[in-house]
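This report concerns only the one structure given below.
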């Protein structure tokens, strides 16, 4: 009997891999037109006489209330020049990134057939890491100066838990997450559960968009942080349940377990060992469990309330 179960398990794995491979092949055949414009490069190599041409091609990057003297000063600004020099070292071309962004857009179009790939314009954002990616239907702005590597000297004054994401591999994650945000409704109420499930939905579809990225990259954890969360999942869940936090509307719960932070706040000795945003992690696990245990489409899940998802998820972390 034991041998039979092992054999059956192997067959199921092989079947799942074959099915996934076929799906990826189907997605890879979806036609997607991709256009990436290196505005950061064009602007850094431009002279004042090139301004009229740049303004015609990128009017959305030149607000009318600013005179040309502002842009000329920016062209000659030593920090801007240094920023571009560092970007050009890391991103002399964008060919490998174009391939992965195309794959990302193909995946989005598979799950949302009305999606049209936006024009991607790379910019220098003065390390505005809170707005690394800006998406508006037909246009996507990407601040390349936010992806020079977490140990880059430009990020010296930024906390480590924030700059851990400043790696090249995070570009597709941030693009996927930003577009995924536009597909999800904001939480319908202020409960802790609603916030958790909102981020669970976000990470679930983000991973569908970029299956070539690891789970820890999706949520923005290091491998060690993600492994800690998985190893302590049962404990985290019991803590939430025993203190009846799920349906609480206490705003401090967001600060403790949802908002970006160096660690989560259980108010226990283990706090410093934990990664931040563990409420988001649990929300993701709940949504995963819901999708595994219910025959519903992606669209149905996205339109389902947090409470209904939780009630039908059969979520029960392993001890």
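The candidate values were [x] 31, 22, 19; [y] 39, 25, 19; [z] 49, 30, 16; the one computed from these coordinates for semi-axes √(5λ) of the Cα gyration tensor in Å carries the label [y]. Label separation (residue 82 vs residue 305): 5.4 nm, computed from points 7 Å beyond Cα along the C-beta direction.
With the simple model of a label 7 Å out from the Cα in the direction of the Cβ, residue 267 to residue 70 spans 4.7 nm. Scoring 84-95, 166-177, 284-295 by mean Cβ neighbours within 10 Å over their residues and listing the highest first yields 166-177, 284-295, 84-95. Over the chain, DSSP H runs of length four or greater, each weighted -39,500 (n - 2.57), average out per residue to a 222 nm ellipticity of -16000 deg cm²/dmol. Separation of segment 60-80 and segment 152-226, taken as the distance between their Cα centroids, equals 32 angstrom. Computed over segment 194-313, the range of Cα coordinates on each principal axis works out to 42, 33, 22 Å, biggest value leading. With angles folded into 0 to 90 degrees, how steeply does helix 278-293 sit against the dominant principal axis of the chain? Use alpha carbons for both and round to 10. Taking Cα atoms only, the helix is inclined about 60 degrees.
Axis of helix 95-111 versus longest Cα principal axis of the chain: the two differ by about 50°, to the nearest ten degrees. Label-to-label distance for residue 259 and residue 230 is 3.0 nm, based on points extended 7 Å past Cα in the beta-carbon direction.
Across segment 148-196, counting alpha-carbon atoms alone, Rg and Dmax equal 15.0, 42 Å.
For the residues 122, 181, 138, a GNM of the chain with alpha-carbon springs under 10 Å puts the largest fluctuation on 138. Taking R0 as 45 Å, what's the FRET efficiency between residue 312 and residue 89 from their Cβ-Cβ distance, rounded to 0.05? Result of the calculation: an efficiency of 0.35. Take the Cα of residue 49, go 7 Å toward its beta carbon, and the backbone nitrogen atoms of segment 61-77 under 20 Å from that spot belong to 68-77.
Here the residues 213, 185, ranked from fewest to most Cβ neighbours within 10 Å of their Cβ, fall in the order 185, 213.
Potential lengthening of the chain between residue 25 and residue 248 amounts to 75.8 nm, from the contour at 0.36 nm per residue minus the alpha-carbon distance.
The convex hull around the C-alpha trace of segment 93-208, projected and averaged over every direction, spans 8.2 square nanometres. Each of 110, 235, 203 was scored by other Cβ atoms within 10 Å of its Cβ. Arranged with the fewest first, they read 235, 110, 203.
Between residue 184 and residue 214, the C-beta separation translates, for a Förster distance of 22 Å, into a calculated FRET efficiency of about 0.50. Counting neighbouring beta carbons within 10 Å and listing from fewest to most, the residues 153, 38, 190 come out as 153, 190, 38.
Helix 78-90 and the longest principal axis of the C-alpha atoms of the chain enclose an angle of approximately 60°. Annotation for segment 230-265 versus segment 97-141: alpha-carbon center distance of 32 Å.
Every number here is computed from the coordinates shown, using simple stated rules; none is lab data. What you are looking at is a predicted structure, and each value in this text was computed from that prediction instead of being measured. Please note: Cβ atoms are built from the backbone with ideal geometry, for glycine as well, and neighbour counts cover all protein chains shown.
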